[in-house]
């Protein structure tokens, strides 16, 4: 088993899973170390790192012998251009990070403009259920269906993608049995519940005034969510959920994590819910 | 040659008897796709017609005379398909007066001229967004105009017209009963679901195929259940199923009323007598939104989500045919002659 660490900034970096408190459900040997550092954003193009921040992470990873993995979100055309500029900066500085894509447009950009980069299929391409209102530790006869996602995995493998990533959704199985030749990666303990363009954090920090709703989606964002998450309380949910930027997360219970971990080659630990 | 005549007469008489007794049923399936409806012959399971349509399709229903299929395109354009000619013959738009409206839930009224829909609406006024209250509306299917309407709760997404359309049940977080028998519609009661911790996504129902029973699945934190509405009587019933849940977008009942088939990433078979799962078969062709069944109960069709229709033998639960459709799809509807 390999271990990766999802960070917001380099201040989050630690050496071993035990240093950050191994999530319940994961049995990581005490001497396990993180071999990869995940940075960037999976959910919001406004949170894509600038060139200097990305260079700093890549430099750190090179110095420490760790793999740098850039997470990319679903994007608009403007976001595509930002990703292109960001990767151009990294490549020009002789860094070749591994890139996680969650958007087929990003995938097309990467394989045509940056064909030397290793690509990983991100967790947003797993459309499995993540409903936190259900008892996530109960699973029915359809659980652990390794066929689930097999077509998209075959498609990705045929297109040269090296890994499939997921979080602990309600039914384990999306990572498959490895027969497609993809490395299987699990993100824990925070599973995303829902995400989208309409961001309450952005709205809460937006200038009040006429047109804020009709023009809000196109207005700029100062990323007030960066580094922040808030726990939400709802009476119809068994499990606690967090809002972080435009995304809701739920902490996967230990039994669910254990079921998913059994199918994973790499586990990525998140320091907190990060969009 | 003369020796054969009695046999031919006997055969013709037998065929005539079967037809007159309604024993022979001809199924046609309509794949509700993207800018396309495709027709599958239920005997050969071959695609026999493509019907171009403008827009992406969601709710659909057959006219009572089985001559037309009505499908909602882009959630606001009612599209009328002539099933003899296999082509669109009319459209009607519910957008008007500057309002963008979105149809969730669609049921034709028995008068053949109107339909009940749930409308979500919005417009902009001086640069500000104005969001209308969700409404149950009776619309003219000829031109889409609203004849009458009543406010309904947020989250209302599906309807069942019951008791010969003298009552409409609006399904969302709860079921709201609306009396439609008088000129002015009025709510008469609520069947609670949210307070019982039910979650429900009633975007697919096969009331026609189920012999007039509206049936969708729901979830509590612990189990899946089946919600049924008898549209003849308006009776609402629910059946929690034993054991941890399987996950399903849609369900359909077998013609003998003994089984229910459910689909999402698996085809699940539910036994109605024991309230339990008989079998759960992974779908090798991927996630499916929709499920339907032949009128003799021998074949189950899973489709939607992706662009394939997979046909299962209900006895062996083995796939017997996979049809590559022209587009991704939302639903599959059956019309039996």
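When ranked by the protection proxy of mean other Cβ atoms within 10 Å per residue, highest first, what sequence do the peptides B:91-98, A:251-258, A:111-118, A:174-181 form?
Values: B:91-98: 14.6, A:251-258: 20.5, A:111-118: 13.1, A:174-181: 17.8.
Result, highest mean first: A:251-258, A:174-181, B:91-98, A:111-118.
At a Förster distance of 22 Å, what's the computed FRET efficiency of residue B:274 paired with residue B:196, Cβ-Cβ distance as r, to 0.05?
Details: r = 23 Å, r/R0 = 1.03.
Efficiency for this residue pair is about 0.45.
Given the C-alpha centroids of segment B:265-319 and segment A:22-57, what is the distance between them in whole angstrom? One Cα centre to the other: 41 Å.
Taken residue by residue and averaged, Cβ atoms of other chains lying within 10 Å of the Cβ of A:129-140 number 5. Estimated purely from DSSP H runs of n ≥ 4, each contributing -39500 (n - 2.57), the mean residue ellipticity at 222 nm for chain B is -1500 deg cm²/dmol once divided by its residues. For segment A:138-155, backbone nitrogen atoms closer than 19 Å to the point 7 Å from residue A:111 Cα along Cα-to-C-beta are found at A:149-155.
Within the listed set A:204, A:172, A:68, the Gaussian network model of chain A (springs between alpha-carbon atoms below 10 Å) gives the highest mean-square fluctuation for A:204.
Model label sites at residue B:128 and residue A:146, defined 7 Å from Cα along the beta-carbon direction, differ in position by 5.9 nm. Among A:244, B:295, a tally of other beta-carbon atoms within 10 Å of each Cβ gives an order, fewest to most, of B:295, A:244.
Using only Cα atoms and rounding to the nearest 10 degrees, what angle (0 to 90) does helix B:5-20 make with the longest principal axis of chain B? Its long axis makes an angle of about 20 degrees. The GNM of chain A, with springs linking C-alpha atoms under 10 angstrom apart, assigns the highest mean-square fluctuation among A:12, A:131, A:31 to A:31. Shape class of segment B:148-218 from the alpha-carbon gyration tensor: oblate, with a/c at 1.5 or above and b/c at least as large as a/b. Between residue B:318 and residue A:27, the FRET efficiency estimated from the beta carbon spacing at R0 = 45 angstrom works out to 0.70. Largest GNM mean-square fluctuation across B:48, B:291, B:176, computed for chain B with C-alpha springs under 10 Å, falls on B:48.
Just so you know, all these numbers are worked out from the coordinates, no wet-lab data involved. Nothing here was measured: the structure is a model prediction, and the numbers come from that model. Using ideal geometry, Cβ is built from the backbone for each residue, glycine included, and neighbour counts are taken over all protein chains shown.
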